[in-house]
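The values are calculated or read from the model by the stated rules, or taken from the named source; none is laboratory data. Fair warning: this is a prediction, and the values are worked out from it, not measured in the lab. Cβ atoms come from the backbone with ideal geometry, glycine included; neighbour counts cover every protein chain shown.
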């Protein structure tokens with residue numbers, strides 16, 4: 001990777017040793033210390049996530065193509081080629097493969113990447129975006145399970161409210177202890193959720209800072225060429 005800026009005539013693609021190591025570790029999916037052809041090819045796969053529902057069609061031409069289905073908000077697609085700019089209608093079209101997380105059958109077709117008014121229908125689905133999506137889903141699932149458990153415990157406790165002694169009273173006491181544990185778990189999950197949101201904001205700030213640094217480097221290099 002040290003020669004990438006020279007080979008591509010892109011000085012902005014210069015990375016520090018730490019950044020190069022991080023890029024390699026990210027690309028080395030099986031962590032065997034080697035980069036296979038398949039792993040290398042994955043570096044060039046572009047993924048996008050739908051932010052405004054669009055039709056999936058069988059061709060690039062909006063007027064003449066046939067609808068195959070719908071790409072919904074939150075669906076992830078893989079680009080199969082470079083975007084096609086349809087100047088006559090002012091839209092950007094892209095051939096994609098709709099990725100199904102649930103193991104369902106993937107669909108192939110064309111979507112409108114950007115509308116005639118410049119409205120984006122998709123945004124890049126990066127590795128960090130994929131990780132955060134999975135993390136958000138896991139947190140939401142855990143919170144839903146905690147709420148369901150709390151509701152069940154409350155219902156069972158209400159059923160045993162009149163019992164003052166005997167096995168059912170002991171069960172009621174055990175339910176009270178369970179409720180405390182559930183409330184504690186909910187508190188920890190809420191705290192984790194807040195920390196995740198703070199982490200997202202910090203990451204966005206670091207990304208913006210890195211973008212500014214890269215832009216400053218490009219400007220300095222451009223200025224040096226003029227002097």
*asked:* Against the condition part of a strand (DSSP E or B) and either under 26 Å from residue 199 (Cα atoms) or in the same structural domain as residue 200 (by TED's automatic domain parsing) (or both), how does residue 148 come out, does it pass?
replied: no
*Any idea which residue in region 106-116 is nearest to residue 25 (Cα to Cα), counting only those that are in contact (Cβ under 8 Å) with a residue 24 or more places away in the chain and not in a strand (DSSP E or B)?*
115
*asked:* Condition first: more than 37 Å from the chain's Cα centre (by Cα), assigned to a helix (DSSP H, G or I) and modelled with pLDDT under 90. Can you find one or more residues in region 210-220 that meet it?
replied: no
_I'm trying to understand the selection: among the residues of region 141-154, which are closer than 15 Å to residue 174 by Cβ and without any contact (Cβ under 8 Å) to a residue 12 or more places away in the chain?_
152
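Could you pull out the residue among 173, 185, 140, 169 that is under 29 Å from the mean Cα position of the chain (by Cα) and exposed (fewer than 14 other Cβ atoms within 10 Å of the Cβ)?
Working: 173 fails: under 29 Å from the mean Cα position of the chain (by Cα); 185 fails: exposed (fewer than 14 other Cβ atoms within 10 Å of the Cβ); 169 fails: under 29 Å from the mean Cα position of the chain (by Cα).
Criteria check complete, one pass: 140.
Considering region 10-24 alone, what residues qualify as being part of a helix (DSSP H, G or I) and surrounded by 10 or more Cβ atoms within 10 Å (Cβ to Cβ)?
Looking only at region 10-24, we keep the residues that are part of a helix (DSSP H, G or I), and these are 11-13, 17-24.
Listed by number, the residues that qualify are 11, 12, 13, 19, 20, 21, 22, 23, 24.
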*Among the residues of region 25-41, write down those that are part of a helix (DSSP H, G or I) and surrounded by 13 or more Cβ atoms within 10 Å (Cβ to Cβ).*
27, 39
*Sort out which residues of region 51-78 are in contact (Cβ under 8 Å) with a residue 60 or more places away in the chain and surrounded by 16 or more Cβ atoms within 10 Å (Cβ to Cβ), and write them in order of number.*
54
